[in-house]
Every structure is written in C-alpha cells, then in structure tokens.
Amino acid sequence: MSEMEKEVQNFEEALLSINRVQAGLVFDTIGKENNSFEKLESVIIRTLELIGEKWENGSASLAQVYMSGIICEELIGKYLPKDE
C-alpha cells in the first residue's frame, strides 16, 4: 500500500466515524509532512470519492457523506489564506 493510500484510508476512517479530532490530526500530519496544499487537496478528493462510492453501494449513510463534506470544508478553511 502506498503512502497516499494509507493517508486516504486513515482520513476516510476518521470521516466515516465522524471523528473531527482524528480527521484533523490526519489532515495536519499530511500538511506538515508534505507542506503542500495540492497533496491535501488530492487526499480530500480521493477520500470523498471513496465515501461517495460507499454511499452508492449502500455501505455508507447519507449522514456520513454529509458530515464528511462538512468536516473537510472546516479543515480546508484552516489552510486557505484569509481575506482581510
């Protein structure tokens, strides 16, 4: 399993369990290790795609999909520059 796959798997597990703290820790670790918003973006996109597939095949609830999006939005907000 590649490093990217591990990161996606860890992030997916945190999101599906609706664990904001763990999702934040995974997200922060990825950001610090790679110092790249592009990497964070890739992990989020791939993770949300997988969660969407789980919803389509019935192995994730709509609430999990919704909350995963909300958590990702909050996490991204921490990394984007603030307009002042």
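The values are calculated or read from the model by the stated rules, or taken from the named source; none is laboratory data. Remember, it's a predicted structure, so these values are computed and weren't measured experimentally. Note that each Cβ is placed from the backbone with ideal geometry, even for glycine, and that neighbours are counted across all protein chains shown.
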Discussion item. Regarding region 3-22, can at least one residue be identified that is modelled with pLDDT under 90, on the phi < 0 side of the Ramachandran plot and surrounded by 12 or more Cβ atoms within 10 Å (Cβ to Cβ)?
Written reply: yes
Worksheet, complete the sentence: For Glu49, the lone unmet condition from (1) over 15 Å from Gly77 (Cα atoms); (2) in contact with a helix residue (DSSP H, G or I) (Cβ under 8 Å, 6 or more places away or on another chain); (3) at pLDDT 95 or above is (2)
Worksheet item: Mind checking which residues of region 29-62 are of a type in the set (A, V, I, L, M, F, W, C), without any contact (Cβ under 8 Å) to a residue 12 or more places away in the chain and in contact with a Phe, Trp or Tyr (Cβ under 9 Å, 6 or more places away or on another chain)?
Response: Leu62
Discussion item. Checking the condition at pLDDT below 90, under 16 Å from Val8 (Cβ atoms) and either among the acidic types (Asp, Glu) or surrounded by fewer than 19 Cβ atoms within 10 Å (Cβ to Cβ) (or both), which residue from Ser42, Ser36 passes?
Written reply: Ser36
Worksheet item: Looking only at region 65-84, which residues are within 12 Å of the chain's Cα centre (by Cα) and surrounded by 11 or more Cβ atoms within 10 Å (Cβ to Cβ)?
Response: Val65, Met67, Ser68, Gly69, Ile70, Ile71, Cys72, Glu74, Leu75, Ile76
